[in-house]
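I have placed the structure first, in the form of structure tokens, so that the comments after it can refer back to it.
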Amino acid sequence: MNAHTLPLTTSWRDRVAALLAWLERFPLALLQLLFRVSIAAVFWNSGLTKLASWQTTIVLFRDEYKVPVLPPELAATLAASVELTCPVLLVLGLASRLATLPMLGMTFVIETFVYPEDWIEHLGWAAFLIFILTRGPGPIALDRLIARWFLGRSNSPS
């Protein structure tokens, strides 16, 4: 919106309505990409931290995280595997919806058993992941290109 769009005599309500209409035209594809990259960074960084000191990671899983049922070594391996594979898939937009499922599962486990007091942060993670799961990765994704190349579809589900 620029100064030439609305005359100076326009009411403040009209100006607010025009601003809101302009904001609604923000590209959804860009939001989908930003959501994918943002949540991928959270999980990726956590995975790198686990790898940086594997012995410390095992101790954390044994003494602090205390994930029920799973031995600490297995829980740590599963967590690091999810944190280092799913974010890559999300950023690339490759099997994005599928990649959100283990990340949502991890978020649920972390919230339920490890850090329930951090529910606000986990709610944000879940919101990004659920958005990607339900709306797809968007057009800026390898899934879209693959569908176009191999299936001959120009309007693949995003």
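Values quoted throughout were computed directly from the atomic coordinates according to the rules given, and no laboratory measurement underlies them. The shown structure was predicted, so the numbers you read here are calculated from the model rather than taken from an experiment. Note: ideal-geometry Cβ built from the backbone for every residue, glycine included; neighbour counts use all protein chains shown.
General remarks:
- Residue among Glu73, Glu24, Glu64 with the largest mean-square fluctuation in a Gaussian network model of the chain, springs linking Cα atoms under 10 Å: Glu24
- The mean sequence separation of alpha-carbon pairs under 8 Å and at least six residues apart, normalised by the residue count of the chain, gives a relative contact order of 24 percent.
- Extension gain, Ala95 back to Leu30 (0.36 nm per residue minus Cα-Cα distance, nm): 21.6 nm
- Principal-axis tilt of helix 12-23 within the chain, Cα atoms, nearest 10 degrees: 50 degrees
- Pairs of alpha carbons in the range 35-79 separated by more than 13 Å make up 55% of all such pairs.
- Per-residue Cβ neighbour counts within 10 Å put Leu129, Leu31, Leu94 in the sequence Leu31, Leu94, Leu129, beginning with the fewest.
- For the range 28-151, the alpha-carbon coordinates run over 48, 27, 23 Å along the three principal axes, in decreasing order.
- Helix axis angle, 72-92 relative to the chain longest principal axis, alpha carbon, degrees: 20 degrees
- Largest GNM mean-square fluctuation among Trp125, Trp54, Trp22, using the chain with Cα springs under 10 Å: Trp22.
- P(r) histogram, all alpha-carbon pairs of the range 92-158 included - 10 Å bins from 0, percent: 22, 40, 23, 12, 3
- C-alpha long axis of helix 28-52 to longest principal axis of the chain, angle in °: 20 degrees
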